[in-house]
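Colleague: The structure is given below, and queries will be raised subsequently.
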Amino acid sequence: MNRKSGVGTRPLHRRTQIRRKVARLTRKMAELGEADEAELQRLVAAEQQKAQFTAQVHHFMELCWDKCVEKPGNRLDSRTENCLSSCVDRFIDTTLAITSRFAQIVQKGGQ
Amino acid sequence: MEGGFGSDFGSSGSGKLDPGLIMEQRMTDKCFRKCIGKPGGSLDNSEQKCIAMCMDRYMDAWNTVSRAYNSRLQRERANM
């Protein structure tokens with residue numbers, strides 16, 4: 001915000017000019033900092049999601065490899081591929097089924 | 001957000017916990033079980049071949065599972 005120059009306005013003392021300039025720059029830098037910080041938070045959240053996803057895939061592999069893959073061949077045949085896909089879906093269905101029923105059991109006061 | 005090959009394999013060289021390392025450990029476990037019957041004095045040719053194929057199939061399976069999980073997540077989000 002600039003002072004209007006004209007009759008009756010004294011030029012500002014050099015120290016005051018510098019102080020005001022610093023204040024202006026500091027505000028500008030703070031604005032940039034906020035934008036960077038928001039972006040950083042977004043990046044961190046994205047990385048966390050990726051890590052969670054990968055960890056889950058490792059877990060599925062633990063279970064589904066044994067169920068679906070016999071002797072490793074030159075490629076995965078379609079039966080094996082279908083088994084692996086189904087395995088993921090059925091595990092998630094199982095999780096959902098257990099979660100909801102378990103909640104009911106606990107609610108009824110059973111142990 | 002598919003877990004493909006690029007970011008998950010290979011060494012970062014930074015000395016931190018390497019994401020490829022977990023893959024390697026689990027692959028070793030699974031392929032030992034599949035390929036080595038009664039442990040002999042060394043790994044014979046068929047065992048070595050089996051291990052090589054097993055590694056490739058493990059990574060194929062990883063990608064299949066990755067895709068299936070990603071699809072399921074998208075389906076669930078679409079239903080919300």
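Each value in this text was obtained by applying a stated rule to the coordinates, not by laboratory testing. Because the structure is predicted, anything quoted here is derived from the model rather than measured. Note that each Cβ is placed from the backbone with ideal geometry, even for glycine, and that neighbours are counted across all protein chains shown.
Colleague: Provide A:Val7, A:Val69, A:Val22, A:Val57 in ascending order of the number of other Cβ atoms located within 10 Å of each residue's Cβ, fewest first.
Modeller: A:Val7, A:Val22, A:Val69, A:Val57
Colleague: Could you go through region B:34-49 in sequence order and give the Karplus-derived ³J(HN,Hα) for each residue, using 6.51 cos²θ - 1.76 cosθ + 1.60 with θ = phi - 60°, rounded to whole Hz, and x for Gly and Pro?
Modeller: Per residue, the Karplus-derived 3J(HN,Hα) values read 6, 9, 9, x, 7, x, x, x, 7, 7, 7, 4, 5, 5, 5, 5 Hz.
Colleague: Label A:Glu47 and A:Lys108 with points 7 Å out from Cα along Cα→Cβ: what is the distance between them in nm?
Modeller: In this crude spin-label approximation the distance works out to 4.7 nm.
Colleague: If you don't mind, another one. For region B:19-80, run through the GluC sites (Glu not before Pro) and keep only the ones in DSSP coil with at most 11 other Cβ atoms within 10 Å of their Cβ.
Modeller: Here no GluC sites (Glu not before Pro) fit, given the DSSP loop and packing criteria.
Colleague: FRET efficiency for B:Arg77 and B:Gln48, Cβ-Cβ distance as r, R0 = 41 Å, nearest 0.05? Intermediate values should be presented prior to the final figure.
Modeller: Values: r = 44 Å, r/R0 = 1.07.
So the FRET efficiency works out to roughly 0.40.
Colleague: I would also like to ask the following. Do any trypsin sites (Lys or Arg not before Pro) in region A:1-78 lie in a DSSP loop with no more than 12 other beta carbon atoms within 10 Å, and if so, which?
Modeller: Passing both the DSSP loop test and the Cβ count: A:Arg3, A:Lys4, A:Arg75.
Colleague: Something else now. With θ set to phi - 60° and the Karplus curve 6.51 cos²θ - 1.76 cosθ + 1.60, what are the ³J(HN,Hα) couplings of region A:20-29 in order, to the nearest whole Hz, using x for Gly and Pro?
Modeller: For region A:20-29, the Karplus-derived couplings read 5, 5, 4, 4, 5, 5, 4, 4, 4, 5 Hz, x marking Gly and Pro.
Colleague: Hey, fewest Cβ within 10 Å first, where do B:Met80, B:Met23, A:Met29, B:Met55 land in order?
Modeller: Going from sparsest to densest Cβ surroundings: B:Met80, A:Met29, B:Met55, B:Met23.
Colleague: What does the structure give for B:25-33 when I average, per residue, the other chain Cβ atoms found within 10 Å of the residue Cβ?
Modeller: The mean count of partner-chain Cβ atoms within 10 Å per residue comes to 2.
Colleague: Another question about this same structure. From the helices alone, meaning DSSP H stretches of at least four residues, give me the mean residue ellipticity at 222 nm for the protein assembly as shown, per-run term -39500 (n - 2.57), in deg cm²/dmol to the nearest 500.
Modeller: Value at 222 nm, helices only, nearest 500: -26000 deg cm²/dmol.
Colleague: Lysine pairs in the protein assembly as shown with alpha-carbon atoms under 30 Å apart, 8 or more places apart or on different chains: how many are there?
Modeller: The result is 19.
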